[in-house]
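Note sheet for the following structure.
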Amino acid sequence: MQTIIHKNAEQVYDAVTKQITEAVRIKPDLVLGLATGSTPVGIYSRMVKDHQTNGTDYKKITTFNLDEYEGLEGSHPGSYRYFMNDKLFDHLNIDIQNTHVPSGTGNLESACKQYEKAIENAGGIDIQLLGIGINGHIAFNEPGTSFETETHIATLTEETIKANAKFFGEGQQVPLRAVTMGIRSILKAKKIILVALGKEKAEAIQKMVRGPVTELHPASVLQRHPNVTLYLDEEAASYLK
Ligand code: GLP
């Protein structure tokens with residue numbers, strides 16, 4: 001695991017954006033795994049700016065998002081499909097047909113299987129962008145999730161529901177379940193970039209990097225992947241010293 005520590009969030013956003021946009025320029029048909037949450041927002045806004053300024057071309061790119069809430073249509077402002085369109089896809093010259101976010105509605109079981117197949121058919125994910133939950137979850141793989149999981153329906157912990165309430169309007173219930181790529185699906189990515197910012201992530205990062213590899217701290221499994229780079233600000237890295 002390679003760890004890159006920057007002074008602040010702005011510098012982390014710049015560095016990760018550079019990695020992604022360079023990869024797109026080198027491989028125009030890159031398969032990119034994308035994440036949601038507050039952490040990637042600064043990266044997506046920089047990708048949009050880079051596209052407008054430098055013309056980085058997304059015409060042939062394929063994307064796969066990690067997860068989606070159960071029961072939310074893509075038109076729901078709390079859904080991850082809405083988030084991705086709003087923050088990124090609507091502002092790039094990407095073919096929206098080539099952007100994949102798991103469906104939160106319809107027959108979820110068969111959609112999960114199809115999602116794995118679609119990733120495989122695209123040739124696998126070249127670069128997977130990841131955030132981390134304060135309890136060590138990656139995507140919506142909560143503590144206790146088997147390392148053998150592929151795309152599946154997950155029950156969210158109270159902690160995660162509370163942390164993600166900020167994306168929902170007042171009085172709006174955060175869905176209790178989600179469709180998420182599994183640990184095994186994530187580990188299949190050729191390269192993984194995990195981004196963590198702020199003091200509240202410091203403990204999760206410390207356990208991920210230095211702790212035992214255990215299903216109780218899902219991100220710790222990344223110790224087993226041969227090509228992981230962590231981009232941290234000083235606060236998120238503060239327990240590593
Ligand atoms: C959600 C997402 C995760 C993300 C996490 C952290 O639970 N499913 O993929 O990593 O939030 O979010 P934030 O960046 O807002 O801390």
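Taken together, the values in this text are just the output of simple stated rules run on the coordinates, not laboratory data. Nothing here was measured: the structure is a model prediction, and the numbers come from that model. When we count neighbours, we look across all protein chains shown, and the Cβ atoms used for this are built from the backbone with ideal geometry, even at glycine.
Tabulated data for the structure shown
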| quantity | calculated |
| --- | --- |
| Of all residues in segment 48-71 being surrounded by fewer than 23 Cβ atoms within 10 Å (Cβ to Cβ) and hydrophobic (A, V, I, L, M, F, W, C), the one that is farthest from the ligand (Cβ to nearest atom) | Ile61 |
| Residues of segment 138-174 satisfying the condition of being hydroxyl-bearing (Ser, Thr, Tyr) and either closer than 17 Å to Lys188 by Cβ or crowded, with 16+ Cβ neighbours inside 10 Å (or both) | Thr145, Ser146, Thr149, Thr151, Thr157, Thr160 |
| Failed criterion for Leu197 (all others in (1) closer than 26 Å to Gly106 by Cα; (2) near the ligand (Cβ under 10 Å from one of its atoms) hold) | (1) |
| Residue ID - nearest to His100 (Cα to Cα), chosen from residues in segment 132-182 that are of a type in the set (S, T, N, Q) and more than 12 Å from the ligand (Cβ to nearest atom) | Thr151 |
| Residue in segment 94-113 that is within 14 Å of the ligand (Cβ to nearest atom), outside any helix (DSSP H, G or I) and in contact with a Ser or Thr (Cβ under 6 Å, 6 or more places away or on another chain) present | no |
| Yes/no for Thr17 being more than 20 Å from Ile138 (Cβ to Cβ) and touching an Asp or Glu at 6+ places or on another chain (Cβ under 7 Å) | yes |
| Residue among Ile43, Ile119 that alone is surrounded by 18 or more Cβ atoms within 10 Å (Cβ to Cβ), more than 14 Å from the ligand (Cβ to nearest atom) and part of a helix (DSSP H, G or I) | Ile119 |
| Answer from Ala237, Ala189 - the residue that is closer than 16 Å to Ala35 by Cα, more than 13 Å from the ligand (Cβ to nearest atom), assigned to a loop (DSSP other than H, G, I, E, B) and in contact (Cβ under 8 Å) with a residue 12 or more places away in the chain | Ala189 |
